[in-house]
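So the structure is just underneath, and the comments pick up after that.
Coordinate-derived values only; no laboratory data. All values derive from a computational prediction rather than experimental measurement. Every residue, glycine as well, gets a Cβ built from its backbone with ideal geometry; the counts of neighbours run over all protein chains shown.
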Amino acid sequence: MKRSVLTALVLPSVVAVMLGGTALSAPMASAAPVSSSTAAAVPDDGGAAADPTSAPVPDAAAQAAEAAPAPVESAPAEVPVEAEPAESGPVESAPIDAPAADDASAPAPAPAPAPGTDEAVGIAAATEPGTVTIAGTTEFGDLQTAVTDGWPDGTTFTYQWTRDGAAIEGATAATYTLVRADIGRVVEVAVTGTGPGVDDEPTTVVSERRVAAGVAPAFTAQPGTDLTVVAGEPFSFTWEASGDPAPSIEIVAAPSTLVATLPEGATVTQAPGSLTISGTSTSSGFFSFGVTPLNMVGIGELLVVDLEVAPAAPAGILVTVGTTANVIGVDQQFARASSLDGSSSTLSLDDGAGADASAYVVDRFENPIPFEDYADETVRTTVTTNGPRDVIGLAPSGFPMVTFNGPGSRNMAVSLAGFTASISVEVRSTAAVVPAASGTTPVATAGNLAYTGSAPADGLFALAAGLLAAGAALTVVRLRVRRSRVQH
């Protein structure tokens, strides 16, 4: 009787352990113990029925369940295995996606950040970049300024200026002054901006504008170095040069003359990169000057310019007549005439004096015209007078010469190349009264001995001869007296 009772007590526990082991052997299944209240009564195999008042042994079942757990990884997750129901009653299994009892305390994962945001843990945000430009002209010595725009408020900046991509030592301010080493180079500035946020990372932007620091000047256009204009006609000559900064073009002294000369009436106009000389000159001549471009970078080529103002077309002649006196203390006399307006001065000279006449062709501004420009070797200056005793010849200088004989007024005409100019001539009388010897009458004489040395007066020779004869006779008488005294 006691054995039967013991069997009745033990069998339900063994069944429970078996069922519990089967349930735990399923992968990913729950390991919850089976309650004694759900265990089915074992069918009577002929023995006495179990005493309903007998208590089960829950501790043994729990220990058996803990002693034989099935590993979770023993079967693939995608093949669910359900526990086989015991004969005494069904045992419910846990859902396949339920977390294991050991992972019940794991924290839930954080949600992923929204696309396009910088809220990821441990990643700093880069400063939103703006733009950088350079203000300032490109002249040597000019101040360059880095200008930032579009950066976040509160951004701090650092600067580094570069020359042809290489950092310029010490150029770390917002401004930079161009120096000689920058000539012909590319100058830029790299600006690094850091936003006001704690985690803001710096961003570097290179200036959009590249600055050429300077180019030496050079001529790009010029009218030439041998220039000719005509008197009375307007002219204009322009020289142009390029460079950075734009050069000025200056007039300087010509090396051959060490001076710069410009025609009368010329005007100089200067502008950046250009020089213009213009005007209208009425005075002919030759002029020389230098032209050179220069800027803060250097000095360009020197052009030596020869400018001739040529006379205009022949319009008349100018005549000059001068006496040929050669006596010391006697001033020469001159007179001039022009065929352009018929003007003339008067020549005054003594009777028997001579005068040379010279003429040259001029334009309407009285600029002399070279002989070869209007005539050939057959063209000569001719002279005429209305004095009946005047003699026309050729002076040693090659100019026509007139000897005026006889006092009075006359007109002298000079012609050349089809033009004629007239000069009034006044011839003064040289007659004088010379005292005669005792018993004689005065002799009126006339001539030009003082001026030409070729026309002595007869009265003077007679007087001189008489004096010489008287002196000779007196000498002979004295000699005879001395001899008679010696003899006696």
Exercise for the section: Grab the Cα-Cα distance for VAL198 and TYR360, subtract it from 0.36 nm times how many residues apart they are, and report the gain in nm with one decimal. Expected result: 48.5 nm
Problem - Top positive-direction residue, dipole computed over the range 158-205 with Cβ charges, set THR162, VAL179, THR203 - result: VAL179
Practice task
Kindly provide the GluC sites (Glu not before Pro) of the range 174-254 that DSSP labels as loop, not H, G, I, E or B, and whose Cβ sees at most 14 other Cβ atoms within 10 Å.
Solution key: GLU208
Completion exercise
log10 I(q)/I(0) for the range 316-428, Debye formula on C-alpha points only (no solvent), q = 0.16, 0.17, 0.18 Å⁻¹, two decimals, reads -0.70, -0.78, -0.87
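If you place +1 on the Cβ of every Lys and Arg and -1 on the Cβ of every Asp and Glu, how big does the dipole about the Cα centre of the range 131-213 come out, in debye to the nearest 20?
Charge dipole of the range 131-213: 380 debye, to the nearest 20.
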Handout entry: Approximate shape of the range 216-310 as ellipsoid semi-axes (Cα gyration tensor, √5λ), whole Å, largest first
Key = 24, 14, 10
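Using a Förster distance of 56 angstrom, determine the FRET efficiency expected from the C-beta separation of THR228 and THR156, and round it to 0.05. Could you put the intermediate results ahead of the total?
On the way: r = 68 Å, r/R0 = 1.22.
Plugging the Cβ-Cβ distance into 1/(1 + (r/R0)^6) gives 0.25.
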Completion exercise
Ranked from fewest to most other Cβ atoms within 10 Å of their own Cβ, THR430, THR131 fall in the order THR131, THR430
Problem - Nitroxide proxy distance, nm - points 7 Å out along Cα→Cβ at GLU377 and ARG428 - result: 4.4 nm
Completion exercise
A correct Stokes-Einstein calculation for the range 131-213, using the alpha-carbon Kirkwood radius, 10 °C and 1.306 mPa s, returns a whole-number D in µm² s⁻¹ of 121 µm²/s
Exercise for the section: Would you mind checking the range 206-236 for residues with the amide N under 12 Å from a putative spin-label position 7 Å along Cα→C-beta of GLU301? Expected result: 218-225
